[in-house]
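Enquirer: Quick one: the structure is below, questions incoming.
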Amino acid sequence: MPGATRLPGLAAPSGPAVGREAQRRGAGGDGPATQMPRAQMPRTQMPRTQMPRTQLSPPPFAAPPLVGSRPAAPPASGPGSPTGPGRPGPASGPPPPPAAGGQNATGTVEGLNVARLPALAPPPGAAAPAATGTGDPAVPAGGQAGPAGGPVGPPAPGRDRRRRRVVMLAGAVALLAAAAVAVPLVVLGDDGGSARLGADERAAASTRLAADAAARRAQDPHSAAKLALAAYAVSPTAAARDALIASFTRSTATQVAAAGPAYSGLALSPDGAVLAGTDDTGRLHLWRVDAQGRPTVAAEGSDGDHAAGVVFDSSGRTLATGGATDAGRLWDVTDPARPHALGSLGTQATPVHQLALSSHAHLLATAGVDWSVGLWDVTDPSRPVSLQLLIGRAGPVTGMALRPDGAVLAIAGVGGTVQLWDVRDARHPQQTGTVSGHAGAVNSVAFSPDGTLLASGGDDRTLQVADVTDPAHPRVTRRLTGHGAPVAAVAFAGREQLLSADAGGTVVYWNLAAAAPAFTSLGALDGAPRAMTTADNGAVGLTAERGTILLGTLEPQRLRRLACADPAAAPSRAEWASLAPGVPYTDACAG
């Protein structure tokens with residue numbers, strides 16, 4: 001060490017006065033360690049300006065070393081020592097007992113291995129340590145030594161400052177260690193922990209869980225269902241909503257068993273509270289639907305109904321049916337248990353099997369089996385007025401829809417196209433545009449609730465979505481594939497949610513907001529679908545050729561409530577840790 005005086009090896013005193021360090025270490029190795037009496041020990045004064053600075057770097061999570069420094073190593077026994085004069089030789093005896101303050105020579109404190117602090121320079125008047133030649137002088141354990149066998153004197157002022165510095169640093173380290181443990185607990189939380197994450201973090205976690213649910217659904221639907229509930233509980237993102245729809249729409253649906261002939265038409269009132277159906281014998285059936293989506297028969301109809309096909313107006317209190325003996329009838333169903341006919345449409349040459357109704361324009365369109373389309377003013381439902389009969393089409397009408405505002409009528413046929421008619425002046429309708437692209441017959445068409453999109457499904461097993469904001473220049477924006485049979489029915493459940501069903505009975509959900517909408521199967525019917533209907537509250541109704549009816553929902557909160565009726569639906573803490581590692585636990589069915 002620059003500026004330090006190196007001491008030669010010292011001989012042991014002949015008297016019994018030895019330091020407590022020697023008494024503690026005892027015989028062994030090169031003989032008992034010795035300590036020169038205080039009065040005989042030469043004093044070495046290190047210039048203060050050359051004193052090496054003590055560097056403290058305890059590990060972040062280990063307990064910091066106590067203030068007492070390590071015990072001094074015994075001085076070399078002579079010039080023949082391997083370390084040379086003034087260098088400590090290797091210990092040959094048993095390991096020394098712990099030094100004062102709980103720290104031993106190996107740097108272990110209270111059983112924990114910690115980084116050893118560099119030894120501090122001895123204060124004036126203390127025993128001079130044997131230099132190590134590395135700038136790290138050894139000093140006696142316990143601080144400043146007094147006379148042999150006497151009390152220990154108070155530390156020098158410089159040493160006291162260093163002790164305070166060490167204590168302060170040790171406290172800072174402890175605070176940092178506590179913070180390091182506490183921060184993850186705050187971020188991860190426990191019950192309701194996801195609420196402590198930011199909105200963007202919750203949304204990202206929800207989307208990841210929903211994607212994992214989609215990846216697992218085919219092989220492990222049980223885990224996928226639990227992940228779907230977890231995703232929605234963390235954040236009700238569109239991905240989480242779609243995961244709930246995929247996992248629970250079919251499993252929570254109510255099935256109405258066939259009780260007779262199959263149904264030719266099916267319609268839900270806009271609020272989803274009433275379901276209407278017409279069967280192959282011409283009867284009109286009505287059901288009340290409760291908040292859980294369970295139907296109760298309200299009216300069975302009669303043989304004199306002569307109904308085929310059905311559609312509600314926007315109020316849900318009036319509906320129209322097609323007819324076999326006339327063009328159809330209008331009904332007051334304010335009390336579903338007591339429906340009564342309001343008025344008849346008159347004749348249309350052939351039975352009507354397709355209907356479309358716009359309450360906004362008080363316009364009803366009816367399609368007969370002779371390829372004709374009738375337009376009716378139903379401003380007064382008890383006295384409907386015929387406005388026009390469109391004839392001369394090149395083939396039968398396979399699908400028909402009115403834009404919600406009643407300004408545009410879409411007519412599908414067997415030629416693979418959909419005609420768009422301007423019917424704002426229903427007495428003088430004009431064809432304005434054509435949507436093409438299907439190979440083969442188009443079986444079903446539907447407008448989105450805002451009227452800007454038109455969906456169509458055909459024999460080519462594809463769906464097309466066209467932008468019809470300008471009906472004179474419709475533009476196909478999407479072609480959706482994946483069905484294994486001709487698409488028989490399409491229906492919107494919102495501007496960006498589309499349902500389709502094919503002749504094989506497969507029902508599919510599409511999220512049109514996605515860059516590439518995924519084919520999401522909701523299950524299969526017991527036959528080819530004959531009708532599909534949706535309501536503003538997310539309710540969905542389907543009927544198949546064997547006469548069964550399925551009632552379900554796409555509304556995520558309702559799906560969650562229905563799913564959570566099963567106590568085992570939500571993931572437990574252990575399941576959450578396995579399925580969603582790193583995502584804060586939340587009771588997926590709480591609230």
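The values are calculated or read from the model by the stated rules, or taken from the named source; none is laboratory data. Since the structure is predicted, the reported quantities are computational estimates derived from the model, not experimental observations. Because the Cβ atoms are built from the backbone with ideal geometry, glycine has one as well, and the counts that use them run over all protein chains shown. All accessible areas refer to the heavy atoms of the entire protein, side chains included, with ligands and DNA or RNA removed. Shrake-Rupley method; radii C 1.70, N 1.55, O 1.52, S 1.80 Å.
Enquirer: Mind checking which residues of the range 360-378 are part of a loop (DSSP other than H, G, I, E, B) and open to solvent by 30 Å² or more (accessible area, probe 1.4 Å)?
Expert: Answer for the range 360-378, where residues must be part of a loop (DSSP other than H, G, I, E, B) and open to solvent by 30 Å² or more (accessible area, probe 1.4 Å): His360, Ala361, His362, Val369, Asp370, Trp371.
Enquirer: Between a residue in the range 340-352 that is assigned by the TED database to the domain that holds Asp380 and outside any loop (DSSP other than H, G, I, E, B) and any residue that is of a type in the set (Lys, Arg) and surrounded by 14 or more Cβ atoms within 10 Å (Cβ to Cβ), which pairs come within a Cβ distance under 8 Å, given they are 6 or more apart or on different chains?
Expert: Once the first residue is assigned by the TED database to the domain that holds Asp380 and outside any loop (DSSP other than H, G, I, E, B) and sits in the range 340-352, its partners that are of a type in the set (Lys, Arg) and surrounded by 14 or more Cβ atoms within 10 Å (Cβ to Cβ) give Ala341/Arg329; Leu342/Arg329; Gly343/Arg329; Ser344/Arg329.
Enquirer: Only one residue in Gly272, Gly265, Gly293 is open to solvent by less than 40 Å² (accessible area, probe 1.4 Å) and farther than 30 Å from Pro567 by Cβ. Which one?
Expert: Gly265
Enquirer: Does Glu545 satisfy the criteria of being acidic (Asp, Glu) and outside the structural domain of Thr249 (by the TED database)?
Expert: yes
Enquirer: Can you tell which of Ala327, Ala299, Ala308 is farther than 20 Å from Ser444 by Cβ, open to solvent by less than 40 Å² (accessible area, probe 1.4 Å), touching a His at 6+ places or on another chain (Cβ under 9 Å) and aliphatic (A, V, I, L, M)?
Expert: Ala299
Enquirer: Could you please find all residues in the range 551-565 being modelled with pLDDT of 95 or more and over 20 Å from the mean Cα position of the chain (by Cα)?
Expert: Leu551, Gly552, Thr553, listed by residue number.
Enquirer: When the range 392-418 is examined, which residues are found to be over 42 Å from the mean Cα position of the chain (by Cα) and within 18 Å of Val468 (Cβ to Cβ)?
Expert: Once the filter is applied, which keeps residues that are over 42 Å from the mean Cα position of the chain (by Cα) and within 18 Å of Val468 (Cβ to Cβ), the range 392-418 yields only Gly413.
Enquirer: Looking at (1) within 27 Å of Ala215 (Cα to Cα); (2) modelled with pLDDT of 95 or more, which is the only condition Ala568 fails?
Expert: (2)
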